[in-house]
Amino acid sequence: ADLEKLGISRAKVRHHFGSMIKLMDAAKAANPKIFSAGELFTAEKHTELKAEIAKKQRFVVTTAVTGCKVHPGFWASLKKYCEIHDAKLLVITSSDPAAVAFHKRYVDPVLSSANIVFEKLALNSKLMIHPIKLSAKHIDPITGLGRIGQRDGSFIYASPKQRLKLVPTSNIEMPVALMTTGACTIADYSSDRYMSHRTAHIAEHDHVLGAIVVEVDDEKHFHFRQVQANHKGHFADLGKMYGADGAQEYRPEALVLGDLHDGETDPVSFGCFITNKDSLLNRCKPRKLFIHDGFNGLSVNHHEAKNIIKRAQRVNVTLESELAHYAKTLKMLAGLFEEVIIVKSNHDDFLDRYLLESAYVHDPVNFAKAAQLVTPYLQGANPVQVGVELEIGVLPNIRWLAYDEDYKIGCVECGAHGHKGANGTRGSLRAMENAYGNSMSGHVHAPEILRGAWSVGTCSYLNLDYNLGASSWLNSSGLIYPNSMRQLINVIDGKYCV
């Protein structure tokens, strides 16, 4: 950059030295002391960093895009967070290949004293920071990387986008997590190249001021969660807002619970999120609760209608008992939150279909309860809601959403379960992104982040009858703050944090 300002072109450098690298080598040979003082990427520094990593339990990992200025407020907030929590702040770098200007190839000098990770760095035996070279403009930065996790385990890599994808490797082991961090630098993808204008516009749209908080439990277990910063550089984590001056309480607006599946709910994950003394609810005090797949519907499951073995095994699971148990659960939850919002989900449809197809006519066990629901259903009522309210009455702070009924927290759509796509097609996280932009959905039982579209995991047991084979399921729920900041909170080995 200094040479450019002096009018010395790259062509002139190449004429005299062959390349910039050879000029650098010649300068180092002539002035070794000057260069040794400012060199960021040396084997000695990497060895020192590994020694420091071994002493820490908490880490904050973010990305610096070369040629972009560090956001001063966010950088100050990250350093204050690390000071409060005795965490190590780590920076990975990413670059824009279309940035032809020479000065756009280097990190902001603000980071000259930062812990920059330029080689593989293991935080424990299952999680690695991987400095694989990715473009800052990659539309989906995990493309083609899933199979790497099969060998290297979970890894974090550099991108100004926040992305999370779980890769199934077993049905009993935790799936491999591939994740990107968001950036500590301000978006600047300007380029003189005409064909780069489109990708620059997309990259600026997807750019997130953010980071990943990692907490290492032991050599095999770790916790991770995302943070995003506002324009001042402040960010929320577990019910507190952090800035350069410290932390203050910041109550989440909502907890989006992983798919509940009442009757097959895992008590350990439910305890971590709701009922334990140190639960996420008691720690962060979210005002509202969103429930996905609350009604399980085993007694009216059309997938098992002709499976005599399964039906025999579930002989004590009746429609009446399921509705009564679900009603009891909802009554308890209604006493803990200002509002409980029930999102219309695919397991609710089990009961709709059961009534539509008059399956109860040939089902003496469930006939009486189904008969109570048919007339209200004919009149347009939600049969699950009717069944629950027959048990506990109408509770004023329980809201039952209908299909296609929006409910937003800030700019985040929370009213769609995720199983239905646009125009009657099958749902997916990509379909959620195209339809709603920022959203928090359920259905897939595996937490995922695809730019603005997020999905929670499940609160059910991780091994059920219908997920045979390798699984990416995880007990995971989401927090949404009033300013639309979000976090996915995962229960790993019976805990959601260290």
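The values are calculated or read from the model by the stated rules, or taken from the named source; none is laboratory data. Keep in mind it's a predicted model, so treat the numbers as computed, not measured. When we count neighbours, we look across all protein chains shown, and the Cβ atoms used for this are built from the backbone with ideal geometry, even at glycine. These area figures cover heavy atoms from the full protein model, side chains too; ligands, DNA and RNA do not enter into them. Shrake-Rupley method; radii C 1.70, N 1.55, O 1.52, S 1.80 Å.
Could you tell me the center-to-center distance, by alpha carbons, between region 483-498 and region 387-432 in angstrom?
Answer, in whole Å: 22.
May I ask you to derive the relative contact order of region 251-327, considering only C-alpha pairs under 8 Å and at least 6 residues apart, and to give it as an integer percent?
Relative contact order, region 251-327: 37 percent.
Using only helices, what value at 222 nm comes out for the chain when you add -39,500 (n - 2.57) per DSSP H run of length 4 or more and divide by the total residues, to the nearest 500 deg cm²/dmol?
Taking each H run of at least 4 residues, the total per residue is -8000 deg cm²/dmol.
In whole angstrom, how long is each semi-axis of the equivalent ellipsoid of the chain, when you take the square root of 5 times every eigenvalue of its Cα gyration tensor and sort them from largest down?
50, 22, 21
Out of the DSSP beta bridges found with both residues in the chain, what percent are antiparallel (nearest 5)?
DSSP beta bridges in the chain are roughly 55 percent antiparallel.
Give, rounded to the nearest 20 debye, the magnitude of the charge dipole that the chain has about its Cα centre when Lys and Arg contribute +1 at Cβ and Asp and Glu contribute -1 at Cβ.
It comes to approximately 1780 debye.
Residue farthest toward the positive end of the dipole of region 254-363, with Cβ of Lys/Arg at +1 and Asp/Glu at -1: which of F337, T318, S299?
F337
Multiplying the sequence separation of E44 and D404 by 0.36 nm and subtracting their Cα-Cα distance, what value in nm do you get?
Computed gain between E44 and D404 is 123.8 nm.
When DSSP assigns beta bridges and you keep just the ones with both residues in region 1-140, what percent turn out antiparallel, to the nearest 5?
20
Using alpha carbons only, how many degrees (0 to 90, rounded to 10) separate the axis of helix 383-392 from the longest principal axis of the chain?
Result, in degrees: 70.
Which percent, nearest 5, of DSSP beta bridges in region 119-195 are antiparallel?
55
How much solvent-accessible surface does S321 expose, in Å² to the nearest 10, with a 1.4 Å probe and all protein chains in place?
Its heavy atoms expose roughly 50 Å² to the probe.
Straight-line reach from K285: which aspartates and glutamates fall under 14 Å, measuring Cα to Cα and dropping same-chain residues less than 8 apart?
D237, E249, E253, E338, E339
So which of K12/K33; K56/K240; K45/K120 end up more than 19 Å apart, counting from Cα to Cα?
Beyond 19 Å between Cα atoms: K12/K33; K56/K240.
Round to the nearest 10 and report in Å² the accessible area of L429, as given by a 1.4 Å probe over the protein chains' heavy atoms.
Roll a 1.4 Å probe over it and L429 shows about 20 Å².
How large is the accessible surface of W473 in square angstrom, using a 1.4 angstrom probe and rounding to the nearest 10?
W473 exposes around 30 Å² with every protein chain in place.
Placing unit charges on C-beta atoms (Lys and Arg positive, Asp and Glu negative, everything else neutral), compute the dipole magnitude of region 305-438 about its Cα centre in debye, rounded to 20.
So the dipole magnitude of region 305-438 works out to roughly 500 debye.
In region 117-163, what trypsin sites (Lys or Arg not before Pro) fall in a loop by DSSP, with at most 13 other Cβ atoms inside 10 Å?
K120, K133
Given N residues in region 414-498, what is its alpha carbon radius of gyration divided by 2.2 N^0.38 Å?
Relative to the rule-of-thumb radius for its length, region 414-498 sits at 1.13.
Just by accessible area at a 1.4 angstrom probe, what is the order of I172, I186 from largest to smallest?
The ordering from most to least exposed comes out as I172, I186.
Taking the Cα centre of region 241-316 as origin, work out the dipole magnitude from +1 charges on Lys and Arg Cβ and -1 charges on Asp and Glu Cβ, in debye rounded to 20.
Dipole size: approximately 280 debye.
Just by accessible area at a 1.4 angstrom probe, what is the order of Y360, Y326, Y436 from largest to smallest?
Sorted descending by solvent-accessible area, the residues read Y436, Y360, Y326.
Could you rank M174, M432 by how accessible they are, 1.4 Å probe, largest area first?
These residues rank, largest area first, as M174, M432.
Looking at region 395-497, which GluC sites (Glu not before Pro) are DSSP coil and have at most 13 other C-beta atoms within 10 Å of their C-beta?
Passing both the DSSP loop test and the Cβ count: E405.
Past the 28 Å Cα-Cα mark, which pairs from K137/K165; K328/K369; K5/K232; K5/K28?
Violating the 28 Å limit, Cα to Cα: K5/K232.
Taking K50 as the anchor, which aspartates and glutamates have their alpha carbon closer than 14 Å to its alpha carbon, excluding any fewer than eight residues away along the same chain?
In chain and number order, the partners are E119.
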